[in-house]
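*Asks:* Below are the structure tokens for one structure; questions will follow.
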Amino acid sequence: MKRSTVSKGKGPSKKAKDDQVAIIAASLPKHQGIPEEIIGRRTRKGLPEFEIKWVGWTAAHNTWEPITNLAGYEGMVAAFEKIPESIKTSVGQSTIADFHSAPSISFPVTVMQPELKKETNYKGVLWMAKRNFPMSTTCSSEFHDYISSASRGSYKGACYDNNIGIAHQLGSLGMSKATQFISDLRDDGIKISIAGDLWSDNGMALFGICGHGITSNWEMKTVLLAASPCGHERHTGEYIEAQTKTLLARIGIEYTPECVFKRVRDNGSNMVLAWDKDGAVPCFDHTLELSV
């Protein structure tokens with residue numbers, strides 16, 4: 001460990017002070033030249049210097065060291081400056097290898113409360129679902145490091161099986177909300193309207209149906225009634241019609257004019273064939289897109 005010859009404090013003269021520190025440095029055994037603690041920081045000629053308390057030496061022997069003299073002690077520097085190492089690109093002459101081998105900052109480990117842990121897991125699954133990320137996204141070591149750093153070591157994130165379980169729970173919760181929505185409309189004597197479409201992304205094809213209705217308080221609401229994978233099926237009008245009846249029946253809706261007020265579909269020939277038997281309304285946006 002290299003030590004500079006610039007000491008702390010004001011002496012009778014700069015030369016006398018430098019001579020004193022030089023004598024101390026020369027007599028210091030190499031194995032004792034180990035920083036114990038960083039006491040202070042200053043800038044000289046645009047570069048940072050740190051006041052070092054040395055192992056086995058009193059505060060009177062503290063010295064100011066340039067950042068280049070602290071290679072191998074990046075963790076101590078980062079902890080002193082309270083800057084997480086995960087966002088530091090370099091410290092002095094450190095390299096990427098130095099960064100990965102540098103000591104990490106130690107925070108007081110706390111225990112994440114069960115409710116907060118549950119909320120974190122649920123929001124993680126919602127984030128993945130909305131961004132169309134695989135449920136294994138939060139299982140990577142990088143993501144675990146991120147969550148661990150954000151929670152100061154109290155949690156590392158959910159595993160894949162946990163994510164899948166949460167996804168099923170959220171699906172059941174969504175189904176319960178849809179069923180309650182339909183029940184509320186019926187109690188108010190209001191028929192539900194539906195909109196359906198097929199879409200595919202990243203190799204997955206889905207047929208989805210949304211429900212629309214106005215409550216007794218004149219509040220417009222929209223809920224997802226169903227989303228069914230259909231990647232291995234031909235998207236014919238007959239298939240879509242059969243799927244519509246099956247999916248609506250699961251939540252207690254008969255696919256008849258007596259139960260469904262209006263049906264909104266795009267202008268695809270398969271959707272027209274499936275939904276136009278009892279009359280349907282073409283999607284305005286899709287019609288406009290085709291016109292333009």
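*Asks:* Would the stretch 208-227 turn up any residue that is within 36 Å of the chain's Cα centre (by Cα), assigned to a helix (DSSP H, G or I), surrounded by 14 or more Cβ atoms within 10 Å (Cβ to Cβ) and aliphatic (A, V, I, L, M)?
*Replies:* No, the stretch 208-227 has no match at all.
*Asks:* Does the stretch 259-287 hold any residues that are within 19 Å of His212 (Cβ to Cβ) and either in a helix (DSSP H, G or I) or without any contact (Cβ under 8 Å) to a residue 12 or more places away in the chain (or both), and which are they?
*Replies:* Once the filter is applied, which keeps residues that are within 19 Å of His212 (Cβ to Cβ) and either in a helix (DSSP H, G or I) or without any contact (Cβ under 8 Å) to a residue 12 or more places away in the chain (or both), the stretch 259-287 yields Met271, Ala274, Trp275, Asp276, Phe284, Asp285, His286, Thr287.
*Asks:* Please go through the stretch 172-194 and give me each residue that is open to solvent by less than 50 Å² (accessible area, probe 1.4 Å) and farther than 22 Å from Ala274 by Cα, ordered by number.
*Replies:* Within the stretch 172-194, Gly174, Ala178, Phe181, Ile182, Ser183, Leu185 qualify.
*Asks:* Val223 versus (1) closer than 21 Å to Gly171 by Cα; (2) out of contact with any Lys or Arg (no Cβ under 9 Å at 6 or more places or on another chain): which is the lone unmet condition?
*Replies:* (2)
*Asks:* Out of all the residues in the stretch 247-256, which are open to solvent by 60 Å² or more (accessible area, probe 1.4 Å) and in contact (Cβ under 8 Å) with a residue 12 or more places away in the chain?
*Replies:* Residue satisfying the conditions is Arg250 alone.
*Asks:* In the set Gly40, Gly56, which member is of a type in the set (Gly, Ala, Ser), modelled with pLDDT of 75 or more, open to solvent by less than 30 Å² (accessible area, probe 1.4 Å) and not in a helix (DSSP H, G or I)?
*Replies:* Gly40
*Asks:* Please note which helices (runs of 4 or more DSSP H) are completely contained in the stretch 90-169 and include at least 2 residues that are modelled with pLDDT of 80 or more and open to solvent by less than 90 Å² (accessible area, probe 1.4 Å).
*Replies:* By residue number, 114-130, 141-150.
*Asks:* Hey, Asp197 hits all of (1) assigned to a strand (DSSP E or B); (2) open to solvent by 40 Å² or more (accessible area, probe 1.4 Å); (3) farther than 18 Å from Lys262 by Cα but one; which does it fall short on?
*Replies:* (3)
*Asks:* If I filter the stretch 140-191 down to residues being among the hydrophobic types (A, V, I, L, M, F, W, C) and closer than 24 Å to Arg263 by Cα, which single residue comes out as nearest to the chain's Cα centre (by Cα)?
*Replies:* Met175
The values are calculated or read from the model by the stated rules, or taken from the named source; none is laboratory data. Remember, it's a predicted structure, so these values are computed and weren't measured experimentally. Note: ideal-geometry Cβ built from the backbone for every residue, glycine included; neighbour counts use all protein chains shown. What goes into the accessible areas is simple: the full protein's heavy atoms, side chains included, and nothing from ligands, DNA or RNA. Shrake-Rupley method; radii C 1.70, N 1.55, O 1.52, S 1.80 Å.
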